[in-house]
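Here's a structure for you.
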Amino acid sequence: MSLDQELATAPDVPAVFLAPARRHSELHADILAAATASGQTDIDPYAYLTQPTILRRLAADLAGALPAGCDRLITQAPAGLPLAAAVSLHTGLPFAALDMETAHLHGEVHQGESVAVIHPGAPGTPAALAVAAAATARGAGVSTVLTVLADDTPGPADPAGPPVQALFDIRSTGHGPA
């Protein structure tokens, strides 16, 4: 493949020129920088959702973590909307969003579908679990719970539940996945 072809098909320019571990590390640094903007001492885990360059790279990483056969994405509204929309645009998969205050599902989830929960915060949060439960209650199978930031590296997944994966540990500044 020529350089022009690689640049045309890559999710972003760094994907062509950087090793995956370096690209992942730089994405993590960019997320943490966005989440601590304005000299904040506390991390705002949703601040990175306002950065298109970060969302584009996250969409590629989350798309790569989706299990084969995933039919649809589901997220928490409004917190996960930008992230789910970015992954949806990257993959072509439709998505639905659960409004946690009203329990209203925006979009569709069909019985027998394989869905992936996309969540910006820690995978074990009540919101991520409520989204997974809502999909299951509608007859879908939750194939995975994917999140960007976790408070710590997730422990072993519930053997009866879907696998849980966080891309980054919110407290870590090291290299590689959480």
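The values are calculated or read from the model by the stated rules, or taken from the named source; none is laboratory data. Just so you know, these numbers come straight off a predicted model, no measurement behind them. Please note: Cβ atoms are built from the backbone with ideal geometry, for glycine as well, and neighbour counts cover all protein chains shown. We work out accessible area using only protein heavy atoms, side chains counted, and drop any ligands, DNA or RNA first. Shrake-Rupley method; radii C 1.70, N 1.55, O 1.52, S 1.80 Å.
Within segment 64-94, which residues are crowded, with 22+ Cβ neighbours inside 10 Å and hydrophobic (A, V, I, L, M, F, W, C)? It would help to see each step written out before you state the result.
Here is the first cut: in segment 64-94, the residues crowded, with 22+ Cβ neighbours inside 10 Å are 73-76, 80, 83-84, 86-87.
The answer is LEU73, ILE74, LEU83, ALA84, ALA86, VAL87.
Which one of these is over 21 Å from ALA47 (Cβ atoms) and either open to solvent by 10 Å² or more (accessible area, probe 1.4 Å) or within 18 Å of the chain's Cα centre (by Cα) (or both): ALA97, ALA128, ALA122, ALA103? I'd like the intermediate steps shown before the answer.
Values: ALA97 fails: over 21 Å from ALA47 (Cβ atoms); ALA128 fails: over 21 Å from ALA47 (Cβ atoms); ALA122 fails: over 21 Å from ALA47 (Cβ atoms).
Answer to the selection: ALA103.
May I pose another question? Strands (runs of 3 or more DSSP E) wholly in segment 46-126 with at least 1 residues that are over 20 Å from VAL164 (Cα atoms) - which ones?
Values: elements: 72-77, 95-99, 114-119.
Correct list: 95-99.
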